[in-house]
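For reference, the structure is listed below as structure tokens.
The values are calculated or read from the model by the stated rules, or taken from the named source; none is laboratory data. Computed from a predicted structure; not experimentally measured. Neighbour counts are summed over all protein chains in view; Cβ atoms, including those assigned to glycine, are modelled from backbone coordinates with ideal geometry.
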Amino acid sequence: MEEVDVEPAITNIPAASAGTHLGFAWGPGDILVYETLYKASGAIGSGCPCIHEVRKDEDIYSPILRKLFNESHHIFVGLQTIGEDLPSKNKKPQFVSISKNYRSVIRACMEELQQVVSILLAIELIWNLCEVLFIDAAPAGSLLLHLLDWVRLHKADVDEKAREVLQSESPAEHHDYWNVPGGTQTLTEFDVKWRHWHEEVDRCLQDNSFASNKHLEVICKILVGDEDTLLEHKDLLSTWYHFLVTRLLFCHPTVKPTELHYYAQSCLTMFLDSRSVPEPLDSILLAAFEFDIHQVIKDCSIALNNWWFVAHLTDLLDHCKLLQSHNLHFGSNLREFLLLEYASGLFTHHSLWQLAVDYFDHCPEFGRVYLELQIERVPLDTERKALKVLRICEQRQMSEQVRSICKIMAMRALRNNRLGSALSWSIRAKDAAFATLISEKFLQDYCARGTFSDLDLIDNLGPAMLLSDRLTFLGKYREFHKLYGEKRSGEAAKLLLSLMTAKIAPRSFWMTLLTDALPLLEQKEVVHLSFQDEDTELTKVELLRLALARNLARAIVKEGTVEA
């Protein structure tokens, strides 16, 4: 693998004209920059009317990393469920496994893309080293083995070249034979024989035993760790950290973790040209070799162009209790800050916002506040999306947000003349005033058309009809029609009478109720009356008087008959 470039995530911000001032507004994922109307004394020229949008987390909108964000979300949630009551020694294997899972997701993204993405290569390289040094905390003796695996994973062409050499007809004559000498022995075997080898090889060099064979002499110098020879062949290593591991292998195979920083710094100095300036990646890896976790996180926050890496790594390190060295609360505060930043960026995306909810849930101090603020910014484009947002709020007892969402959807439905949907949302919001307004609309619609719309909703109001008097009246009035339709005249009459005496019917609806009483008073089948003349109200009154008189006459006759 070639040297991975990690450029700081800096976006060009437009310069203001001479004598003018820039204004800006922060957003969860971007900044709006604009020239203000303020003019300093002596300023000339008109200001720029443009507004510039500067995105600080552009990768959120990149389909390349969408898989990374989605897959790592599941790993994050699983990490939060590891019990605090478990002993540390039992947790360590789980933490190492989780770290490997994160890296496997990074690797899967790179393989799926089938192209080199420098940011992903850098992320995996740094994460892998942090796993070896901090999470797995490899001790002296096995540390070098882990570092060899680390280099081998990120310098895959060595294994490929060795495989090509061994599979050739004449390996010793292959052009890459001398570039990939090496064995398959374990570190323990190597450590037992190393001192003897070192003495033997050094003796051979002093005796000029291999002076006649240039390749063998070079190998001998490499085996004794001759720095000049290693540097002469640094083009085969490509990076200073590859050079570091090679130097440790042949010079200090039992290196202790506390000694790493010395060798790392010297290898960086030896490998790079005196005029070369270390890249951000070099500084990050060097900080890791110095076991300065906080510096690693700080440098990565500056150099990498999204919050994914630092948020997830810091969360894992905090679970490993590795961030509390200076202050008991520092690690948790740092973890929460980075998770909040990452989740806020996710909330600006049309589909990734749902992932952010779980991150906020696991930020005990400010997560709830951030979620309440961010959830209000989710555009409710469709009813389906609104239901998703609503479910999230209801599960977390976010009553204010629930009411707000329901009101927005109710108003939208009302504007589109979808009375049933509007009523349903207002009931869900427990908004009595709005439920009353929509109930009025239903009654007006009934007076105009003679029938109710959205019968299923009205028929199944249940206890919800108690939200307001007008809604209660609407539900009961519909119930009256159902009873009458089922020819249950007695029950229908009692219900109609209760609606008249309860005084919950709107005044404009009184005549309609009295008109509904006509068929009951006459004890006949329903007669649909259609009054077209100008004296409609007068005609209704006359019909009611006639019906009441006939009903009263029948009642007197009935009572007289009973007495006789």
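At least 2 residues being farther than 30 Å from PRO181 by Cβ and in contact (Cβ under 8 Å) with a residue 12 or more places away in the chain is the threshold, and among the helices (runs of 4 or more DSSP H) wholly inside the range 218-336 those reaching it are 280-289, 293-303, 308-319.
Evaluate the following for LYS89: is it at pLDDT below 75 and either part of a loop (DSSP other than H, G, I, E, B) or out of contact with any Lys or Arg (no Cβ under 8 Å at 6 or more places or on another chain) (or both)? Steps first, answer last, please.
Working: at pLDDT below 75: yes; either part of a loop (DSSP other than H, G, I, E, B) or out of contact with any Lys or Arg (no Cβ under 8 Å at 6 or more places or on another chain) (or both): yes.
In short, yes.
All told, ARG428 falls short of being surrounded by fewer than 16 Cβ atoms within 10 Å (Cβ to Cβ) and among the charged types (D, E, K, R). Note on the range 447-533: enclosed helices (runs of 4 or more DSSP H) holding 3 or more residues that are touching an Asp or Glu at 6+ places or on another chain (Cβ under 9 Å) and modelled with pLDDT of 70 or more are 469-485, 489-501. Answer with yes or no whether LYS407 is in the same structural domain as SER508 (by TED's automatic domain parsing), at pLDDT 75 or above, farther than 22 Å from LEU380 by Cβ and assigned to a helix (DSSP H, G or I). Answer is no for this residue.
Here's the yes/no breakdown for (1) over 30 Å from HIS362 (Cβ atoms); (2) surrounded by fewer than 17 Cβ atoms within 10 Å (Cβ to Cβ):
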{"residue": "THR254", "(1), (2)": "yes, yes"}
{"residue": "PRO257", "(1), (2)": "yes, yes"}
{"residue": "HIS261", "(1), (2)": "yes, yes"}
{"residue": "GLN265", "(1), (2)": "yes, yes"}
{"residue": "GLU279", "(1), (2)": "yes, no"}
{"residue": "LEU285", "(1), (2)": "no, no"}
{"residue": "ALA288", "(1), (2)": "no, no"}
{"residue": "ASP299", "(1), (2)": "no, no"}
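Restricting to the range 243-302, give me the number of residues that are at positive phi and modelled with pLDDT under 90. Adding up the residues that qualify gives 0.
VAL369 meets each of the listed conditions (1) assigned to a helix (DSSP H, G or I); (2) surrounded by 16 or more Cβ atoms within 10 Å (Cβ to Cβ) apart from (2). Among the residues of the range 314-332, is there at least one that is β-branched (Val, Ile, Thr), over 30 Å from LYS92 (Cα atoms), surrounded by 20 or more Cβ atoms within 10 Å (Cβ to Cβ) and at pLDDT 90 or above? Taking every residue of the range 314-332 in turn, none turns out to be β-branched (Val, Ile, Thr), over 30 Å from LYS92 (Cα atoms), surrounded by 20 or more Cβ atoms within 10 Å (Cβ to Cβ) and at pLDDT 90 or above. Scan the range 187-195 and tell me whether some residue there is within 19 Å of HIS252 (Cβ to Cβ), hydrophobic (A, V, I, L, M, F, W, C), modelled with pLDDT of 75 or more and within 51 Å of the chain's Cα centre (by Cα). No, because not a single residue in the range 187-195 is within 19 Å of HIS252 (Cβ to Cβ), hydrophobic (A, V, I, L, M, F, W, C), modelled with pLDDT of 75 or more and within 51 Å of the chain's Cα centre (by Cα).
So which residues in the range 124-154 are in a loop (DSSP other than H, G, I, E, B) and either under 33 Å from the mean Cα position of the chain (by Cα) or of a type in the set (A, V, I, L, M) (or both)? Let's see the steps before the verdict.
First, pick out the residues of the range 124-154 that are in a loop (DSSP other than H, G, I, E, B): 136-142.
Passing the criteria: ASP136, ALA137, ALA138, ALA140.
For the range 200-210, a residue qualifies if it is closer than 17 Å to GLU232 by Cβ and of a type in the set (A, V, I, L, M), and exactly one does: LEU205.
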